[in-house]
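Quick notes on the structure that follows.
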Amino acid sequence: MLPAPIQIWFSNVLAITRMKNTTTLKRLPLPLCLLLVAPMTCDAQRPELVVQTGHSSGVLSVAFSPDGKTLASGSGDDTIKLWDVATGTQLRSLEGHASGVLSVAFSPDGKTLASGSGDDTIKLWDVATGTQLRSLEGHAS
């Protein structure tokens, strides 16, 4: 396994090659690549792993809000948790499904969350308050 700074360097090279003309980067000799790319990565912070422990069962689905500030997670414990991405803290827990939450999705404006469950329902939630707005029924297994 490569040390973290080298892993970060390689990930930055990959990101750059996707955004720029890859033929130009491939022609550069490795020492020149190091001179061009390494200064951008020298001050990089070490990667940080954040493990959320709010669910009592496995996480089945996750979705970022449109602004990227909130993460929704659906779980086999029949709940949805909303998380602050910057701090990793749980904002609220949404309860109302009778079976595991298989999918979660934010509306384009980020104000409503839709959740699909093994209980054959889709529920709509107000993200700001955690209030269930509507339950859509009619699906069958």
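Tell me the label-point distance for the pair Val85, Arg46, using the 7 Å Cα-to-Cβ offset, in nm and rounded to one decimal.
That separation, rounded to one decimal, is 2.5 nm.
Which distance in nm do the two modelled labels at Arg92 and Leu124 give, with both placed 7 Å along the Cα-to-Cβ direction?
Here the modelled spin labels are 1.6 nm apart.
Can you list residues from other chains, or at least 5 along the same chain, whose modelled amide H is less than 5 Å from the amide H of Thr112?
For Thr112, the qualifying residues are Ser107, Val127.
Non-local amide H neighbours of Arg92 (under 5 Å, H modeled in plane, Pro and chain starts lacking H): which ones?
Here the answer is Leu82, since their amide H atoms fall under 5 Å of that of Arg92.
Take each of the peptides 54-67, 126-139, average the number of other beta-carbon atoms within 10 Å over its residues, and list them starting from the highest. Intermediate results must be reported in sequence, preceding the final value.
On the way: 54-67: 14.6, 126-139: 12.3.
Top to bottom by mean Cβ count within 10 Å: 54-67, 126-139.
Identify the trypsin sites (Lys or Arg not before Pro) of segment 55-127 meeting these criteria: DSSP loop state and at most 16 other C-beta atoms within 10 Å of the C-beta.
Lys69, Lys111
In nm, give the distance between the simple-model label positions of Leu102 and Ser135, each being 7 Å from the Cα along the Cα-to-Cβ direction.
1.8 nm
Bear in mind that the values in this text are calculations on the coordinates, not laboratory data. Here the structure is a predicted model, which means the values were calculated and not measured. Because the Cβ atoms are built from the backbone with ideal geometry, glycine has one as well, and the counts that use them run over all protein chains shown.
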